[in-house]
1. Which shape class, rounded, prolate or oblate, goes with the chain when its Cα gyration tensor gives a ≥ b ≥ c as root eigenvalues, a/c under 1.5 marks rounded, and past that a/b bigger than b/c marks prolate?
2. Between A57, A91, A72, which gets the highest mean-square fluctuation from a Gaussian network model of the chain, Cα cutoff 10 Å?
3. For M62 and L19, calculate 0.36 nm times their separation in residues minus their Cα-Cα distance, and state this gained length in nm to one decimal.
4. Can you pull the one-decimal nm distance between simple spin-label points at Y93 and L29, each 7 Å off the Cα toward Cβ?
5. For the chain, with the dipole built from +1 on Lys and Arg beta-carbon atoms and -1 on Asp and Glu ones, taken about the Cα centre, which of C79, A36, A52 lies farthest toward the positive end?
6. Within the chain, which complete DSSP H helices have Cα atoms spanning at least 27 Å along the helix axis and a mean Kyte-Doolittle hydropathy of 1.0 or higher?
7. Do you know the relative contact order of region 7-64, to the nearest whole percent, from alpha carbon pairs under 8 angstrom that are 6+ apart?
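Each value in this text was obtained by applying a stated rule to the coordinates, not by laboratory testing. Quick caveat, the model's predicted, so the values are computed rather than measured. Virtual Cβ from ideal backbone geometry, glycine too; neighbours counted across all protein chains shown.
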Amino acid sequence: MTHSGQQHPISLYLKIWGLLFVLSTCSYLVDYFHFAGYLRWSLIITFMLLKAGLIVAIFMHMAWERLAMVYAILVPPLCLLVLVGLMVSEADYIFLSRVLFFGQGITAPSP
């Protein structure tokens, strides 16, 4: 019984492993060089997303799947990210309205 699936060259996987190693090294260097603030977090998240994208595309074979399958797997997390973004913007509004309505913990003067 033969398998008629698509065969990928081992060199592709070795190149991706090497690229993942380089991205992990860059992520480590962000801490080594003591980057701080938004630059640090944006670099860490960028490297994390690049590594996750490579793993999903190559090792989970999503690069060779049908477009409908890719949409079925990628669209729900993207929708969740949009909803989280909406909740973050709503949280600032709720916090501001609570501060304006309830005050900032002002207590009555003691007699």
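1. Values: a/c = 5.65, a/b = 2.03, b/c = 2.79.
Here the chain falls in the oblate category.
2. Per the Cα network of the chain with a 10 Å cutoff, A91 tops the list.
3. Values: separation 43, 0.36 × 43 = 15.48 nm, distance 1.77 nm.
Here the answer is 13.7 nm.
4. 4.3 nm
5. Going by the Cα projections, it comes out as A52.
6. On the way: long enough: 10-32 (33 Å, 1.30); 67-102 (50 Å, 1.92).
The qualifying helices are 10-32, 67-102.
7. On the way: 21 pairs, mean separation 23.4, N = 58.
Normalised by residue count, the contact order of region 7-64 is 40 percent.
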